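Asks: Below you will find the structure I want to go over with you.
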Amino acid sequence: MAKRGAQAVLQEEINNNEDWTKIMENPGMYVIDIYSEWCGPCVAMITYLRKIKMELGNEYLNFAIAKSDNINVLKRFRQKSEPYWMFFFDGKLVNVIIGADAPRLIRLIIEELEQYVKYKNGEIHKEFIPISKVTDEEQKKLTEIENYRKQKTKKEKKLRDKRMMKVRERALKQFSYNIQMQTCVMFFPHTVQYIMVEKPLEEGAEELDEPPEPVMIEKRVCEVANSCASKYEELIVIEAKELKLTEDKLSEMFFTEREFLESFPQELIDELLSKNVYSVMLSMPTVKHDTATEEVAEDDENKPVSIDLMGEIELKLSTIIYGDNGSPLNPSPNSLADIHSVINENGQKIPSVYTPRNPLSKASALTILFRKFCKNQGYVAPLPPAPQYLIIFDINKSNTVLPIIEDLEETVVYYGFFRSADPENPKLLCKDPEMLTKYVKKPN
């Protein structure tokens, strides 16, 4: 068991399983600082420990530090950044506390030492803790760490999603010019039913002496879709399909209709994520060009300008579904969306049908609901933006760092000079290196 020079008298050093076993065999109360090699023991507490040792002068009180990296029973304490203090009575664990809270640690040392004296005198019975057991304080700390990680992950995802939405929005705006004549309508899962019907006979089966036994097959029925189809007028149905959405796809689909999505009760969200939606893609009839005009245009050096239909089909279908001046969130009275909405047990109105109202929301919906069609029309899903990293340098190193930033001009997105190195609470000093002379004294 090694000593620590000037600190050897105060804290014994435990480096391996053999050292640990020897300490556990010693009588007295031990307060052991558990640490990992990468972090080191809690040096800040040494002054307080020395003071309390001198004040109490109790021969039963002992201090030690234990490097968890090479001690099997301390495996769960490895890679911890906070100090863990373990209290032992004659080699038996009685308490564990976490952190560098000096007043609390000193108070607990005094209380436990009083308990140890009474325990040795037979005045009290002490309940010991199995060293393998995760104590309540440890569990509380684990929960705090897990909650912090979840919040951090959620915050990071929110930032990534925000950046990704900007990238996706640019791609959708560009793609919307390729699909000016198409749009879609989506029917929510609760509008779809499945019934068993007899499969139609194959061609020529009627001429057989003994017709085959009837075969029952499942058929999809969506009365809301049928009701809407009767109003499509000249719009042409070009594809219909079922699809199951994921949470990310649902968010992407409604990223321009965020308020509408946020109005969904949880039961509708659960339904959308667990059951198929039924979607129909529609198109305007092919526009016939004036032959004479085209012949004249062929003689022109410039190519004929394509007819601009941007937004026309979305306006037409949204008027059919939501009524004049209606919207997904507030459909006009007696519109198809209003008529076919349902009321749940809590009195909430549940939508049954959705159609995008502008080229951007349409492009978003089509790329989610009809991916193959969109791919054939030239849509390429954008790649996530490259990850961004924050690097902090001492401001006195600016003369070294600035030339590197100039060389990496296309890679370094932002840089500036700040009053502190806390990335959670940045306080900008200036952006111009020439302004630094007003705020920072040059080092000698």
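The values are calculated or read from the model by the stated rules, or taken from the named source; none is laboratory data. Remember, predicted model here, so these are calculated numbers, not experimental data. Counting neighbours? That spans all protein chains shown, and the Cβs are built from the backbone with ideal geometry, glycine included. Just so you know, the surface numbers come from the protein's heavy atoms only, side chains and all, with ligands and any DNA or RNA stripped out. Shrake-Rupley method; radii C 1.70, N 1.55, O 1.52, S 1.80 Å.
Asks: Expressed in nm to one decimal, what extension gain is obtained for the pair Q377 and K427 from 0.36 nm per residue of sequence separation less their Cα-Cα distance?
Replies: Gain on stretching Q377 to K427: 13.2 nm.
Asks: At T21 and R419, where each label point lies 7 Å from the Cα along Cα→Cβ, what is the point-to-point distance in nanometres?
Replies: For T21 paired with R419, the spin-label model returns 5.9 nm.
Asks: Now for a different question. Please go through the residue pairs K249/K275; K75/K154; K152/K244 and name each one whose alpha carbons sit more than 18 Å apart in this structure.
Replies: K75/K154; K152/K244
Asks: Over the chain, with the other protein chains present, what is the accessible area per residue in square angstrom, probe 1.4 angstrom?
Replies: 64
Asks: How far is helix 136-175 tilted, in degrees, relative to the longest principal axis of the Cα atoms in the chain, given as a value from 0 to 90 rounded to the nearest 10?
Replies: Roughly 30 degrees between the two axes.
Asks: If the elastic network links every pair of Cα atoms under 10 Å, which of Q139, Q151, Q180 fluctuates the most in the Gaussian network model of the chain?
Replies: Of the options given, Q139 has the highest mean-square fluctuation.
Asks: What are the ³J(HN,Hα) couplings of region 343-359, residue after residue, when phi is run through the Karplus curve with 6.51, -1.76, 1.60 and θ = phi - 60°? Round to Hz, x for glycine and proline.
Replies: Ordered by residue, 3J(HN,Hα) equals 10, 8, 5, 8, x, 8, 7, 9, x, 10, 8, 9, 9, x, 10, 9, x Hz.
Asks: Right, here's the next one. When you have a sec, figure out the Kirkwood radius of region 61-186 from all distinct Cα pair distances and drop it here in Å to one decimal?
Replies: Taking every pair of different Cα atoms in region 61-186, averaging 1/r and inverting gives 19.6 Å.
Asks: Size of the dipole of the chain about the Cα centre, Lys and Arg at +1 and Asp and Glu at -1 on the beta carbon, nothing else charged, in debye to 20?
Replies: Magnitude of the dipole: close to 3080 debye.
Asks: So what's the projected area for region 302-366, the Cα convex hull averaged over all directions, in nm²?
Replies: Projected area, direction-averaged: 5.6 nm².
Asks: Quick check: at a probe of 1.4 Å, how many percent of the accessible area of region 313-444 sits on carbon and sulfur atoms?
Replies: 52
Asks: Now for a separate question. Out of all DSSP beta bridges with both ends in the chain, state the antiparallel percent to the nearest 5.
Replies: Around 80 percent of the beta bridges assigned by DSSP in the chain are antiparallel ones.
Asks: Moving on to the next point. What's the extension gain from V342 to T47 if we count 0.36 nm per residue and subtract their Cα-Cα distance?
Replies: Once the chain is fully extended between V342 and T47, it gains 99.2 nm.
Asks: Between T400 and M54, what is the FRET efficiency for a Förster distance of 51 Å, r being their Cβ-Cβ separation, to the nearest 0.05?
Replies: Once rounded, the FRET efficiency stands at 0.60.
Asks: Counting only the backbone N, which residues of region 237-253 are under 19 Å from the spot 7 Å out from the Cα of E312 toward its beta-carbon?
Replies: Backbone N within reach: 237-238.
Asks: Now for a separate question. If you roll a 1.4 angstrom probe over the protein chains with everything in place, what fraction of the accessible area of region 27-104 belongs to carbon and sulfur, to the nearest %?
Replies: Within region 27-104, the accessible surface is 50 percent carbon and sulfur.
Asks: If one puts a single equal scatterer on every Cα of region 313-444 and applies the Debye formula without solvent, what log₁₀ I(q)/I(0) results at q = 0.11, 0.15, 0.17, 0.18 Å⁻¹?
Replies: Relative scattering, expressed as log10 I(q)/I(0), comes to -0.69, -0.80, -0.93, -1.01.
Asks: Still on this structure: Give me the one-decimal nm value for the distance between modelled label points at E242 and V412, 7 Å along each residue's Cα-to-Cβ direction.
Replies: About 5.7 nm separates the two model spin labels.
Asks: Sort 421-432, 335-346 by packing, meaning the average of other beta carbons within 10 Å per residue, with the highest value first.
Replies: The peptides rank, most packed first, as 335-346, 421-432.
Asks: Distance in nm between label sites at E146 and R160, each 7 Å beyond Cα in the beta-carbon direction?
Replies: Calculated label separation equals 2.1 nm.
Asks: Please report Rg over Rh for the chain, where both radii come from the alpha carbon positions and Rh follows the Kirkwood definition.
Replies: We get a ratio of 1.20 for the chain.
Asks: What's log10 of I(q)/I(0) for region 1-111 at q = 0.17, 0.19 Å⁻¹, Debye sum over Cα points only, no solvent?
Replies: Treating every Cα as an identical point scatterer, log10 I(q)/I(0) equals -0.76, -0.98.
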